[in-house]
Amino acid sequence: MTADSTPALVKQADAATEGPAPAGSPAAARGPRARNTQAYLKYVAAKIFGAAVSLFAVLVTSFFLFRLIPSDPVKQMTGGRPVSAEQLESLRRQFGLDQPMWQQFTTYVGDALTGDFGTSFQYHAPVIDKITEALPATLLLTGTAYVLYSALGIWLGTRTAWRNGSKSDRFNTALALTLYSVPSFWLGLLLIIVFSVGVGPIPGMFPTGGLESGNESGFAYVLDVAHHMVLPVITLVAVGYAQTLLVMRSSLLDEMGSDYLTTARAKGLRDDTVRRKHAVPNAMLPTFTLMFVNLGHVVAGQILVETVFSWPGLGGLFYQGLSVPDLPLVQALFFVFATAVILANTLADLLYPLLDPRVGR
């Protein structure tokens, strides 16, 4: 047995002396890096498969959910005018509502998978065209608010956690909890009453709603749009920054007791450097996930806020579609909203292992 085992020991010693195998050799292909890559690819495949299943579930849900609304869309389209039974039947045939439910469903799924969401009942135009028209207004409003409340929430969350127990920490935390608990539509209505209508010595300074006045051009048009955006953006920022602040504060408080921060201080690093280069990057991981979730809501918009401020975006379009109900329109918007959130979550899942190697291995 000794004679047989000696060559193996010699080979192991030679391999250790020669160092790591070349990148293209079989030994290198079986190394830790290859195993990590394979594990990550499996992780990616699982996340993408889960996202695909979720999207199909949303597609099915969007079809059946709005058919539970106790209303006849054909009668709603007539606006209460006297219409004969033959005319109602003709409208049902025109929009495919006379077909069996299973046939409507298969037609809807087949068309949706090709990007065709049908024709709007109330606008008599392709649904995809109405979504394309309203999307820029939503991205302008929610995108601006997203950038502002993400930056403000991270900055204030970091400062309050690092000064845990101070007066500023207690004040900012209490304010964030209050704003996070306030319904966004109620806050929007309150801002309209105070700053659009005017209360006591406070005059009405901002429009009550809409995107523009309709009589401006050039740089004056940009200022007019910005003037209309002030109150809805404040409403979205007030709620969004509160959530980001609370998550960032909680994450940083968990990191502050870690040993690596004590070691960094023992090396003589300044407190500001310890916070900026060591504590905050690790505390950002939960906030990073939250930011991607909120990124999905940039496309989904804020239905109640857009409705309160009569903002011509996807949220307002969805509210108008529910009033009929405009089935092709609300189905498509529901699918678009859910798809944006699912894709943002999936993107966060795929990027998270790059920030935290413990995930996906």
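When segment 161-182 is filtered for residues that are out of contact with any Ser or Thr (no Cβ under 6 Å at 6 or more places or on another chain), within 20 Å of D272 (Cβ to Cβ) and open to solvent by less than 30 Å² (accessible area, probe 1.4 Å), only A161 remains.
Might you let me know whether segment 214-222 holds any residue that is out of contact with any helix residue (DSSP H, G or I) (no Cβ under 6 Å at 6 or more places or on another chain), over 24 Å from A283 (Cα atoms) and among the aliphatic types (A, V, I, L, M)? It would help to see each step written out before you state the result.
Residues of segment 214-222 out of contact with any helix residue (DSSP H, G or I) (no Cβ under 6 Å at 6 or more places or on another chain): 214-215, 217-222.
Subsequent filtering for residues that are over 24 Å from A283 (Cα atoms) retains 214-215, 217-222.
With the extra rule that they be among the aliphatic types (A, V, I, L, M), the set shrinks to 220, 222.
Within segment 214-222, one or more residues are out of contact with any helix residue (DSSP H, G or I) (no Cβ under 6 Å at 6 or more places or on another chain), over 24 Å from A283 (Cα atoms) and among the aliphatic types (A, V, I, L, M).
Suppose the filter is open to solvent by 20 Å² or more (accessible area, probe 1.4 Å) and free of Cβ contacts under 8 Å to residues at least 40 places away in the same chain; does L354 pass it? Before you say what the answer is, go through the steps one by one.
Working: open to solvent by 20 Å² or more (accessible area, probe 1.4 Å): yes; free of Cβ contacts under 8 Å to residues at least 40 places away in the same chain: yes.
Yes; evaluated as a whole, the condition is true for this residue.
Pairs linking a residue in segment 317-331 that is farther than 20 Å from L211 by Cβ to a residue that is open to solvent by 10 Å² or more (accessible area, probe 1.4 Å) and hydrophobic (A, V, I, L, M, F, W, C), with Cβ atoms under 6 Å and 6 or more positions apart or on different chains, are P325/F66; P325/I69; L327/F66; P328/F117; V330/F66; V330/L322. Residue count for segment 200-238, restricted to those that are open to solvent by 30 Å² or more (accessible area, probe 1.4 Å) and in a helix (DSSP H, G or I): 9. Applying a threshold of 7 Å to beta carbon distances and a minimum spacing of six or more residues, or different chains, the list of pairs starting in segment 292-316 at a residue that is free of Cβ contacts under 8 Å to residues at least 40 places away in the same chain and ending at one that is surrounded by fewer than 20 Cβ atoms within 10 Å (Cβ to Cβ) reads I303/Y319. When H278 is tested against (1) modelled with pLDDT under 80; (2) touching a strand residue (DSSP E or B) at 6+ places or on another chain (Cβ under 7 Å), exactly one condition is not met: (2).
Only residues that are within 24 Å of V53 (Cβ to Cβ) and without any contact (Cβ under 8 Å) to a residue 24 or more places away in the chain were counted across segment 114-128, and they come to 3.
Sort out which residues of segment 132-145 are touching a residue at least 40 places away in the same chain (Cβ under 8 Å) and surrounded by fewer than 20 Cβ atoms within 10 Å (Cβ to Cβ), and write them in order of number. Correct list: L135, L139, L140, G143, T144. For segment 243-272, a residue qualifies if it is more than 21 Å from L295 (Cβ to Cβ), at pLDDT 80 or above and open to solvent by less than 30 Å² (accessible area, probe 1.4 Å), and exactly one does: L252.
The values are calculated or read from the model by the stated rules, or taken from the named source; none is laboratory data. Please read these numbers as outputs of a predicted model, since none were measured by experiment. Positions of Cβ are backbone-derived with ideal geometry, glycine not excepted, and every protein chain shown enters the neighbour counts. Side chains are part of the model used for accessible areas, which takes the heavy atoms of the whole protein and leaves out ligands, DNA and RNA. Shrake-Rupley method; radii C 1.70, N 1.55, O 1.52, S 1.80 Å.
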